[in-house]
Structure formats: structure tokens, C-alpha cells
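Here is the structure we will look at, set down as C-alpha cells.
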Amino acid sequence: GKYFSAVYFWGVPLLRSSAFHNSELERERERERERERESIPIQLNCRFHRSRATMIRFILLQNRQGKTRLAKYYVPLEDSEKHKVEYEVHRLIVNRDPKFTNFVEFRTHKVIYRRYAGLFFSMCVDITDNELAYLECIHLFVEIL
């Protein structure tokens, strides 16, 4: 026979048969299993994505003469290597025509830069990252300063 269970909705009892209730539970369990199956590749992709260390390598603020006004490195580098990187980045971006894009390949990464008055704001990121997102990030950084 069918059994009935009382379900309360906003204080109002609703009657449902156990067959309906069991089928509803079974559908909910199946949906939960499906969500778990769908989430597994996403989690693996995220782990793989993190293992590639997608991130900002460094942020530099340099004037037109090449003097570094602010530098923040998110990867460990020796002081001599930092100076070398700063010099190379400045040499890459200072002589570029303003009509060119604000993205330059640098070693195995990409430098995204923007000039505001006499300062160059530049970020070194992975080659696969979205350039436009980092340009917006630089603009936000300038607005905050």
C-alpha cells in the first residue's frame, strides 16, 4: 500500500505519497551524482591550471629614463637578475610606437604595459593569460594610486 507523509511548506501541511516522495528522492540523488561527475573534470582542470603556476610574475613602474619607481616580484629572483629584468623590460617598451599593441613577448612570458604621463606600468604574466584583463588591472591600479 501507499503511505503518506506530511510535508510542511510555510507552516501548511502538504500530503505526499511515499511513492512520490521516494521517486523525488531518487531524482535528487541522481542529480547530485550528475553534478559530482560534472565537477570532477573541472576540479582536475583547475588543479592542472594551478600546477602551471598561472600568475603575475612581477609588476614594474618605471619612468622614461628607466629608473624603477616601484617593483613587486612574485617569483624569487636574485638582485642582479631583477636589475637585468628591469633593464630588459624598459628597453623593450620605451621605444615602441604608440600605435603598436601594449603586449610584448618577454622570454617565455608576456609583458603587458601601459604608459601614463611619464610612467610605464608593466606586468609580466604567463603567455596564455588574457591581455585585456591585465590592461584593465593596470588601469584600476592607476586609478587607486
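Placing +1 at every Lys and Arg Cβ and -1 at every Asp and Glu Cβ, with all other atoms neutral, what dipole size does region 58-135 have around its Cα centre, in debye to the nearest 20?
Details: 13 positive and 10 negative charges, 85 e Å.
Using Cβ point charges on Lys, Arg, Asp and Glu, region 58-135 gives about 400 debye.
Give the aspartates and glutamates whose C-alpha is closer than 15 Å to that of residue 72, dropping any in the same chain fewer than 8 places away, or say none.
Within the straight-line cut-off, residue 72 pairs with 81, 86.
If you take the square roots of the eigenvalues of the alpha-carbon gyration tensor of region 56-144 and sort them as a ≥ b ≥ c, do you get rounded (a/c under 1.5), prolate (a/b over b/c) or oblate?
Details: a/c = 1.30, a/b = 1.13, b/c = 1.15.
Rounded is the answer for region 56-144, as its axis ratio a/c remains below 1.5.
If you filter region 76-129 for GluC sites (Glu not before Pro), then keep DSSP loop positions with at most 10 other Cβ within 10 Å, what is left?
Working: sites: 78, 81, 86, 88, 105; in loops: 78.
The qualifying sites are 78.
Any read-out appearing in this document is the output of simple, stated calculations on the displayed coordinates, not a laboratory observation. For clarity, every value in this text was computed on a predicted model and none was experimentally measured. Every residue, glycine among them, receives a Cβ derived from its backbone with ideal geometry; neighbour counts consider all protein chains shown.
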